[in-house]
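The values are calculated or read from the model by the stated rules, or taken from the named source; none is laboratory data. Bear in mind the structure is a predicted one, so any value in this text is a computation, not a measurement. Glycine also receives a Cβ, built like all others from the backbone with ideal geometry; neighbour counts cover every protein chain displayed.
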Amino acid sequence: MERRYLLGNEAIAHAAREVPVDFVCGYPGTPSSEVVDTLRVHPDPGGYIEWSVNEKVALENAIGASWCGLRALCTMKHVGLNVAADPLMTSAYTGVRGGLVIMSADDPFAHSSQNEQDSRVYAQFARVPCLDPSSVQEAHDMMRDAFALSEDTALPVIFRPTTRVCHSKSDVVLGEMKTEHRAGAFEKDARQFVVIPAHTRLLHKALNEKQPGIRRLLIEKGYNHFEIKGKKAVITGGIAASYVREVLPEGISLMVIGAYPIDDEWLSSFISRHKEVLVIEELAPVIEVQVRELSGTVPVYGKKTGHVPFEGEFSPLAVEKFLISAGFLEKNIFPEPRQPDEVPMRPPILCAGCMHRSAMYAIRRIFPDSVYPSDIGCYTLGLQMGTVDTTICMGASITIGSGMAHSNTGKPVVCTIGDSTFLHSGITGLLNAVYNGADMVVIILDNRVTAMTGHQPNPVTGLTATGIGSPPVSLEAICRSCGAAFVETASPHAITQFLEVLKAARDKTGVRVIIARQPCVISDRRAGVKRKPYIVDTEACTGCAACIRFGCPAIVFEEEKARITDLCSGCGVCAEICPSGAIRKEVRK
Amino acid sequence: MNCRFDVLVVGIGGQGTVLASNILGEACVIEGIPVRGAETHGMAQRGGSVESHIRIGSTFGPLISPGSADLLIAFDLLEGFRARHFLRDGAPLVTSRSLVVPTSVYARSLPVPEESGIISALMGTRLCVVDAAGIASRAGSPLAQNVVMLGAASVYLPLSYEALLEAVRRTVPEKTRSLNEKAFEMGRDAGCNP
């Protein structure tokens, strides 16, 4: 037993080692990434660890390991579960052998996501248990126990922490890491593992018959609990429970839900001992719908009555307001905060020397009046440069683009997608676009790493998750084998040459692929790559601000002249853009 | 221990707010005080505004409510100004003197914010302005500004000097240990009297 101050995801990773987990896989996605990242960089990683190319691939790998009797963990962000939904739904029918835990990290407020979907609904849909921690310590304890729960129920377990658990910190009590890993063995059983109609009908019935036992088991395990204090009750779950505990006045009962499905009889007996119930949960009304089914004549306040929103994340202040609006709290606990001051925004931006900025700049120059479908990665920040018109989900730049290319808008379609996103789910879209004769330009922004989520290696990097060498896959060969006739590679840092490649693509038809290859500037810095910074010759600078419009954070404008700060990483693109030739490499005397 | 003290650390992605949170959290563990924190990860941190909530003595959730922080530590003057509404009345803001002008200012041709203008706009806030960049350079590295700022703010914290210094030692990379100890102590000397 040891007490440490850890990030939620670090505590979750530690818990998996306490089991110990035998097989770990996943696809990076905020706020889930640090679990695998913590495990993979450990000097002795224990069991098998991989970054998979996407979430469906990851989950199927984990199911395979579980069917061989291993304890398997598969991590992803909430929208990754959409990609993995196909194996998820049927793995509930087949069940598991070794404990299988699917960590699907939700992101209320979409801090770093394209939507606010709720993984608890997936668990309900698939009819598998779901654990929803309210604190870092509970996240640790639930992860440690989830593998046994999976084996007890013979079902995959969805573990659903939210951003404010994954990226929270806390003092946490940790257990000992264990090292006794299982050896896999696959015992054949076609009636379980081959879901032909005759088998699956029986498996479906068996899954449904398991449900009452699961509900009772979760009560026995103590994940769901309550305290009776009065005639009014708050029912809450997940991280919202921690906010409720902070502001709940004396004399109000509290029920905290940490696991699903909730037992009807148990819930109903709690509700019937109260005169009013308020349900406080982030995102989908999962608890609330069940409470309403069972409430009889007891009034229930929550999302349906407008006391609690369906979207966004909560906070102690937000919960205070819900309690006041439902008449559960008389007056404010927190002071009425002053209005925030008017301060210029500081949104996230592409780094100084980031190749995405140069690529986007070139795209705007050569394809000025075009449609720009884009994708998910750092380059989504190209929105600020006017070269991102659509982003919906992983891989959808090429497919939304080919749909638009077949829609006779009369405008060129120029889409952008990163290396990891292309390998995740862009290849099938490219294959489809070529096969069906779309007329479009596909620019693969290949910075050799999955940068946005924290620089995880992927198949182009040349390394696996645990640092073992792996031949970097050729994007050129993939694109050509999909049938693309025009496949050219150039670095956006060599901006003049890159512009020429874009021009050549503009003058052709069909699917034209450009691989914009330049390692991520952060990876370069970590690898010790040094380039001389650039400086502005103030005599020659005319103050035209062409470099300022380029948007590099290393360029500032002072007294009508440009100046380059120490953020400069020496990409040199601004020197090529400057119409007066006033920017040059710094020469030390 | 029922002393509760909420600290908000703000800055720009890359300035080391996460390390600051780790040092404060470690100091709480050393002192046996419960602690909760929350911070910015993922794309949201690429050169943008970032914040770390550290709730010393708390067993609740990780988020500090606006108007109730007991201390605001800013690694960038403009970010301190941006987060001022988190402070409860009369609580101190310990801020670095320097600021990085957001690219949005140039992109939208807004007036360029300056040190003197922000400091006068902060009138009415209990203010401690620290030359973090200068002190860090004298301590041996401009990268130690975050530890300088923690040193300067340490006089306001309900954590002992010994626990904080030990937390600095345990948290920073080994080869920068003595540099960071020096930065912490120089920051503490430069801090304001509570």
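Key figures
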read-out	value
Qualifying residue in the range A:159-168 (condition: away from every other protein chain (no Cβ under 14 Å) and touching a helix residue (DSSP H, G or I) at 6+ places or on another chain (Cβ under 7 Å))	yes
Residue among B:I64, B:I56, B:I73 that alone is within 25 Å of A:Y5 (Cβ to Cβ) and touching a His at 6+ places or on another chain (Cβ under 9 Å)	B:I64
Helices (runs of 4 or more DSSP H) (entirely within the range A:433-545) containing at least 1 residues that are of a type outside the set (G, A, S), in contact with a helix residue (DSSP H, G or I) (Cβ under 7 Å, 6 or more places away or on another chain) and touching a residue at least 60 places away in the same chain (Cβ under 8 Å)	A:495-506
Qualifying residue in the range A:192-202 (condition: on the phi < 0 side of the Ramachandran plot, among the basic types (K, R) and surrounded by 13 or more Cβ atoms within 10 Å (Cβ to Cβ))	no
Which listed residue, of B:I73, B:I12, B:I54, is touching a residue at least 40 places away in the same chain (Cβ under 8 Å), more than 30 Å from A:C568 (Cα to Cα) and either crowded, with 21+ Cβ neighbours inside 10 Å or touching a helix residue (DSSP H, G or I) at 6+ places or on another chain (Cβ under 8 Å) (or both)	B:I54
Check on A:T200, out of contact with any Cys (no Cβ under 8 Å at 6 or more places or on another chain) and part of a helix (DSSP H, G or I)	yes
Options B:P34, B:P62, B:P66: the member that is touching a Gly at 6+ places or on another chain (Cβ under 7 Å) and surrounded by fewer than 24 Cβ atoms within 10 Å (Cβ to Cβ)	B:P34
Any pair with Cβ under 8 angstrom, 6 or more apart, that starts in the range B:139-168 at a residue that is assigned to a loop (DSSP other than H, G, I, E, B) and ends at one that is of a type in the set (F, W, Y)	B:L157/B:F5; B:P158/B:F5
Given (1) in a loop (DSSP other than H, G, I, E, B); (2) surrounded by fewer than 24 Cβ atoms within 10 Å (Cβ to Cβ); (3) at the interface with chain A (Cβ under 7 Å from one of its Cβ atoms), number of the condition B:V112 does not satisfy	(3)
Whichever residue in the range A:310-321 is within 11 Å of another protein chain (Cβ to nearest Cβ) and assigned to a loop (DSSP other than H, G, I, E, B) and, among such residues, is nearest to the chain's Cα centre (by Cα)	A:E313
Test: residue in the range A:310-317 that is touching a strand residue (DSSP E or B) at 6+ places or on another chain (Cβ under 6 Å) and small (G, A, S)	no
Residue list for the range A:364-373, restricted to those being of a type in the set (S, T, Y) and either under 25 Å from the mean Cα position of the chain (by Cα) or outside the structural domain of A:M452 (by TED's automatic domain parsing) (or both)	A:Y372
All positions within the range A:483-529 that are within 29 Å of the chain's Cα centre (by Cα) and charged (D, E, K, R)	A:R517, A:D524, A:R525, A:R526
Test set (1) at pLDDT 95 or above; (2) in contact with a strand residue (DSSP E or B) (Cβ under 8 Å, 6 or more places away or on another chain); (3) aliphatic (A, V, I, L, M) - A:A540 fails condition number	(2)
Selected residue (only one of B:L127, B:L93, B:L99 is within 13 Å of chain A (Cβ to nearest Cβ), touching a helix residue (DSSP H, G or I) at 6+ places or on another chain (Cβ under 9 Å), part of a strand (DSSP E or B) and not hydroxyl-bearing (S, T, Y))	B:L93
Qualifying residue in the range A:232-253 (condition: within 14 Å of chain B (Cβ to nearest Cβ), surrounded by 20 or more Cβ atoms within 10 Å (Cβ to Cβ) and either modelled with pLDDT under 95 or touching a Lys or Arg at 6+ places or on another chain (Cβ under 6 Å) (or both))	yes
Among (1) surrounded by fewer than 24 Cβ atoms within 10 Å (Cβ to Cβ); (2) polar (S, T, N, Q); (3) part of a strand (DSSP E or B), the one test that A:N408 misses	(3)
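One line per residue, one yes/no per condition, for (1) assigned to a helix (DSSP H, G or I); (2) more than 18 Å from A:E282 (Cβ to Cβ); (3) within 32 Å of the chain's Cα centre (by Cα):
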site	(1), (2), (3)
A:T305	no, no, yes
A:V308	no, no, yes
A:L323	yes, no, yes
A:P340	no, yes, yes
A:P348	no, yes, yes
A:S358	yes, yes, yes
A:A362	yes, yes, yes
